[in-house]
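Here is the structure we will look at.
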Amino acid sequence: MGTIVLLTLTGLGLAALYFLVASGLALVFGLADVLNFAHGLFLGVGAYATWWAAGNLPGAGPDGLGFVLAAAFGVVAGAVVAMLVELVMIRPLYSRTIEQVLVTVGLSLAGVALLQATWGADPRPFPRPEWTRGVTEILGAKVPNSGLLLILAAVVVLGGLLAFLRWTRYGLIIRAGVENREMVTALGIDVRKAFTLVFAIGGAAAALAGALGGIYFGSVSPGQGGSLLIFAFIVVVIGGMGSVVGAAYAAVAVGLLQQFVNYYGTSGAGDICVVALLAVVLLLRPQGIAGKVATA
Amino acid sequence: MTVEPVLTVEDLSVRIAGLHILQGVSFTVAPTGVTVLLGRNGVGKTTTLRAVLGLTPTQGEVRGTVRMGARSLVDQPTHRLVRDGLGYVPEDRCVFAGLTVTENLRLAERRGSVPAYDRVYELFPELDRRGRQRAGSLSGGQQQMLAIGRVLLNDNRLLLVDEPTKGLAPKVVTEVAEVLERVAAAVPVLLVEQNLAVVRRLATDAVVLAAGRVAWTGPARDLLLETALTKSLLGVGSVEVHS
């Protein structure tokens, strides 16, 4: 029983990490039709900015409120970089899919190279607040607090995103834009502002994943964002392009599947099963769990 | 005294994916009444409306002049044209299926102007009653009402309306025509319409397109009275009456 609970909660922790990266990716793709391969860079920026702030930013630190401030700095850095990427590199290329892919792939490679050049290629120990190093006993299982923190953060982000989509003017524009971007424009709305906003939101969520992922893995390295991005893309496709709720369901499915198969099967079999799940979804329900709807 | 047109289209050419869809189209829209854009399927009626509104695909090429009053509309972003008073009711309604009726209307609100919900609900009381219903679950007629209501939430200088009666039941066609008649009393309309009964009821002027060019232009009555002309230009011999 304890093993099942542990696997479930660590699987959900992994799912939370995937969701934080995938939610922004899904909104960006759903609204702006941009397949953003640079999204992993925002995670890297968030992780490194948090790591840097914990040691250098006045008031910030590796524990308690100091770490909260460091993580907030990381989230803001991720959002700002995402906005700049949209404004400078993506905006001139809307409706030019191939160029977008080339630019975002190039940017992700250049971003990793920049992080390596600045802080080296080796993983750096990440500041871990005292509480996150411990475990909490739940139904006989000793669950790492870092995983619980990830789950809590993902639930808060999911609730915040749904509230934003449901109750705000820009949320309304994004939901409509995911359905029919051209018609939003034909109602007199400058949809490009919404593009910038979803990039910022996606960048912030990915940066939060970077900060909390640093705690979860205990270290930060330049290539971390890229490896998580692959699973985030799978989550987006399974969940349905543009759907935050779909991304949440898919992240849970992928996280749990990976964790259970890796434990009960051979190591690495979980990844293969995830790809198999993707293939099954694409064959049986190509639009994903939720279809192209920015659910609110 | 010469009446200034509300819209002037001169030598408009549109090329999309190698197809020369519009080949030098020129016409004007009077500041009152309904100017109807007619022609057989595929002659470029919808392309004309979309070009006026700046909705030609990015890979398309638009040449020519489009002016609303003295102001050139070419190369202006669509959202700005709409904010400046160019209302658009697209073909196939294009309501946001996943949003409620109220959310569809709220989306059309413009900053700096008071939305005319009274006007919309007076014309379409059904929209008020169905405010919480998802637009995707409305009937075709109700969706058309929503698409028109969305535009009427704001004051416009010109309405571009694309086939508003397409696919609707005869009774609903009559209702839509009545609404457009009332709307046209206050704001000029450039209408694409295939139903000649509706055209006869609403149109003051007509522009007929054929193979990407203007084949005929003049008072709508003159066109509709000439059976031979309508047959040669539109492929119909008589005006069918639904209303």
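Here are the numbers for the structure shown:
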{"quantity": "Condition broken by A:T97, with the remaining ones in (1) crowded, with 16+ Cβ neighbours inside 10 Å; (2) within 14 Å of another protein chain (Cβ to nearest Cβ); (3) in contact (Cβ under 8 Å) with a residue 60 or more places away in the chain satisfied", "calculated": "(1)"}
{"quantity": "Among (1) surrounded by fewer than 24 Cβ atoms within 10 Å (Cβ to Cβ); (2) within 14 Å of chain B (Cβ to nearest Cβ), the one test that A:G159 misses", "calculated": "(2)"}
{"quantity": "From B:D118, B:D75, residue being outside any loop (DSSP other than H, G, I, E, B) and either more than 8 Å from chain A (Cβ to nearest Cβ) or crowded, with 16+ Cβ neighbours inside 10 Å (or both)", "calculated": "B:D118"}
{"quantity": "Only listed residue being surrounded by 24 or more Cβ atoms within 10 Å (Cβ to Cβ), within 30 Å of A:G134 (Cα to Cα) and of a type in the set (G, A, S), chosen from A:G223, A:G265, A:G210", "calculated": "A:G210"}
{"quantity": "Qualifying position, being closer than 28 Å to B:R221 by Cα and either modelled with pLDDT of 95 or more or among the β-branched types (V, I, T) (or both), among B:V34, B:V101, B:V114", "calculated": "B:V34"}
{"quantity": "Single match in B:G85, B:G136 (criterion: touching a residue at least 40 places away in the same chain (Cβ under 8 Å), farther than 26 Å from B:L190 by Cα and either within 12 Å of chain A (Cβ to nearest Cβ) or among the aromatic types (F, W, Y) (or both))", "calculated": "B:G136"}
{"quantity": "Region B:57-72, residues that are without any contact (Cβ under 8 Å) to a residue 12 or more places away in the chain and either under 15 Å from the mean Cα position of the chain (by Cα) or within 12 Å of chain A (Cβ to nearest Cβ) (or both)", "calculated": "B:T58"}
{"quantity": "The one condition in (1) surrounded by 17 or more Cβ atoms within 10 Å (Cβ to Cβ); (2) over 23 Å from B:V52 (Cα atoms); (3) polar (S, T, N, Q) that B:Q144 fails to fulfil", "calculated": "(2)"}
{"quantity": "Helices (runs of 4 or more DSSP H) (entirely within region B:135-243) containing at least 1 residues that are at pLDDT below 95, closer than 30 Å to B:Q23 by Cα and among the acidic types (D, E)", "calculated": "B:220-225"}
{"quantity": "Selection status of A:A176, part of a helix (DSSP H, G or I), closer than 24 Å to A:G240 by Cβ, in contact with a helix residue (DSSP H, G or I) (Cβ under 6 Å, 6 or more places away or on another chain) and in contact (Cβ under 8 Å) with a residue 24 or more places away in the chain", "calculated": "no"}
{"quantity": "Residue in region A:183-219 that is nearest to the chain's Cα centre (by Cα), counting only those that are hydrophobic (A, V, I, L, M, F, W, C) and within 14 Å of chain B (Cβ to nearest Cβ)", "calculated": "A:F195"}
{"quantity": "Subset of region B:88-107 [assigned to a loop (DSSP other than H, G, I, E, B), closer than 29 Å to B:F27 by Cα and facing chain A (nearest Cβ under 10 Å)]", "calculated": "B:P90, B:R93, B:C94"}
{"quantity": "Matching residues in region B:88-108 - criterion: being in contact (Cβ under 8 Å) with a residue 40 or more places away in the chain and touching a Phe, Trp or Tyr at 6+ places or on another chain (Cβ under 9 Å)", "calculated": "B:N104, B:L105, B:L107"}
{"quantity": "Checking B:T35 against (1) surrounded by fewer than 17 Cβ atoms within 10 Å (Cβ to Cβ); (2) in a strand (DSSP E or B), the condition it does not meet", "calculated": "(1)"}
{"quantity": "In region B:18-56, residue nearest to A:V184 (Cα to Cα) [restricted to those that are more than 14 Å from chain A (Cβ to nearest Cβ) and small (G, A, S)]", "calculated": "B:G44"}
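The values are calculated or read from the model by the stated rules, or taken from the named source; none is laboratory data. Here the structure is a predicted model, which is why all the values come from computation and not from measurement. Positions of Cβ are backbone-derived with ideal geometry, glycine not excepted, and every protein chain shown enters the neighbour counts.
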